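*Asks:* One structure follows; several queries about it will come next.
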Amino acid sequence: MRLVLLGLPGAGKGTQGEHIAAKYGIPHISTGSLIREAVASGTPLGREANGYITKGELIPDELAIRILHERLKEPDCAGGWILDGFPRTVRQAVFLDEQLAQSSSAVQIALDIRISPDEAIRRISQRRVCSQCGAVYHLTYYRAKGKGVCDKCGGDLIQRADDTVETARNRLEVYLVQTHPVVHYYAQSGRLYSVDGEAPIEKVFADVDSLISGFAAHGVQETAGGAR
Ligand code: AP5
């Protein structure tokens with residue numbers, strides 16, 4: 001299965017991506033996480049990307065495409081993947097389609113996780129992430145058991161540099177201008193599906209799971225342009 005997750009910052013792409021990966025045994029690839037790792041390691045790419053991320057801007061298409069292209073070459077991607085945060089521009093979406101067409105494959109599901117901008121700000125400003133393993137928590141909705149400490153590895157919980165309210169507002173604006181056209185791109189080719197992302201995490205996953213299982217049962221040809 002080749003699936004891309006779309007949705008406002010904070011919609012739950014990372015959260016749902018982890019659930020899908022755990023159930024279906026395919027890698028969850030977050031370009032945001034790959035970029036943050038490059039920034040933390042101080043690589044040339046990370047240094048170039050850092051200025052964009054901290055302002056809530058997209059990194060240039062060439063950089064994003066290069067990061068994804070390298071990641072998709074890894075052996076664990078042979079049986080499919082979940083992309084979280086890519087494509088973020090129509091140019092990136094076209095690149096992905098062209099790249100996949102070379103191996104006679106395609107994105108099968110573009111899943112738009114829908115939440116309101118107000119909910120996005122509430123989620124982003126209260127998100128905390130583990131500085132060691134990257135696990136994601138929320139101060140109200142999904143709290144760690146120990147104060148400020150990751151349940152999974154004991155690492156310190158921190159706020160992402162781009163999770164301030166001011167930067168989050170810019171990220172929403174950037175999404176509406178640069179990424180929302182990607183939703184239309186997939187709608188036009190009959191690959192767009194959506195779920196209500198404002199339901200509790202487990203309910204959102206139940207909806208996502210039902211969509212994916214139905215898709216797997218009916219196959220690509222039957223569902224192209226099918227139910228939403
Ligand atoms: P990226 O890391 O992709 O950030 P994003 O798209 O802004 O998405 P988020 O990670 O903020 O949110 P999410 O939807 O994953 O939500 P989450 O599951 O964490 O990108 C960061 C930056 O990298 C970009 O701004 C850009 O600069 C750059 N970048 C990345 N890819 C790029 C590309 N392709 N091209 C150019 N630049 C690129 O959930 C959020 C919070 O809500 C959590 O606390 C979670 O616990 C909670 N939560 C989740 N679901 C629910 C629910 N159903 N109910 C209640 N709480 C919930």
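The values are calculated or read from the model by the stated rules, or taken from the named source; none is laboratory data. All of these numbers come straight from a predicted model, not from anything done at the bench. Methodologically, a virtual Cβ is constructed for each residue, glycine included, from the backbone with ideal geometry; neighbour enumeration extends over all protein chains shown.
*Asks:* Scan (1) over 19 Å from GLN16 (Cα atoms); (2) under 16 Å from the mean Cα position of the chain (by Cα); (3) more than 13 Å from the ligand (Cβ to nearest atom) for the single condition GLY154 breaks and write down its number.
*Replies:* Of (1) over 19 Å from GLN16 (Cα atoms); (2) under 16 Å from the mean Cα position of the chain (by Cα); (3) more than 13 Å from the ligand (Cβ to nearest atom), only one is false for GLY154: (2).
*Asks:* Also: Can you find a residue that is touching a residue at least 60 places away in the same chain (Cβ under 8 Å) and among the charged types (D, E, K, R) anywhere in the stretch 148-165?
*Replies:* Looking through the stretch 148-165, at least one residue is touching a residue at least 60 places away in the same chain (Cβ under 8 Å) and among the charged types (D, E, K, R).
*Asks:* When the residues of the stretch 16-28 are filtered to those that are surrounded by fewer than 23 Cβ atoms within 10 Å (Cβ to Cβ) and more than 16 Å from ALA216 (Cα to Cα), which remaining residue is nearest to the ligand (Cβ to nearest atom)?
*Replies:* Among them, the one singled out is GLU18.
*Asks:* List the pairs whose first member sits in the stretch 100-116 and is within 16 Å of the ligand (Cβ to nearest atom), whose second member is modelled with pLDDT of 95 or more and of a type in the set (Phe, Trp, Tyr), and whose Cβ atoms are under 8 Å apart, counting only residues at least 6 apart or on separate chains?
*Replies:* Partner pairs satisfying both residue conditions: VAL107/TYR186; ALA110/TYR186; ALA110/TYR193; LEU111/TYR193; ASP112/TYR193.
*Asks:* Of all the residues that make up the stretch 73-101, how many are surrounded by 19 or more Cβ atoms within 10 Å (Cβ to Cβ) and of a type in the set (A, V, I, L, M)?
*Replies:* Counting residues in the stretch 73-101 that are surrounded by 19 or more Cβ atoms within 10 Å (Cβ to Cβ) and of a type in the set (A, V, I, L, M) gives 4.
*Asks:* Looking at the stretch 40-56, can you tell me whether even one residue there is in contact (Cβ under 8 Å) with a residue 24 or more places away in the chain and surrounded by fewer than 19 Cβ atoms within 10 Å (Cβ to Cβ)?
*Replies:* yes
*Asks:* Moving on to the next point. Would you check if ALA64 is modelled with pLDDT under 95 and either under 17 Å from the mean Cα position of the chain (by Cα) or more than 9 Å from the ligand (Cβ to nearest atom) (or both)?
*Replies:* So ALA64 does not fit the description; no.
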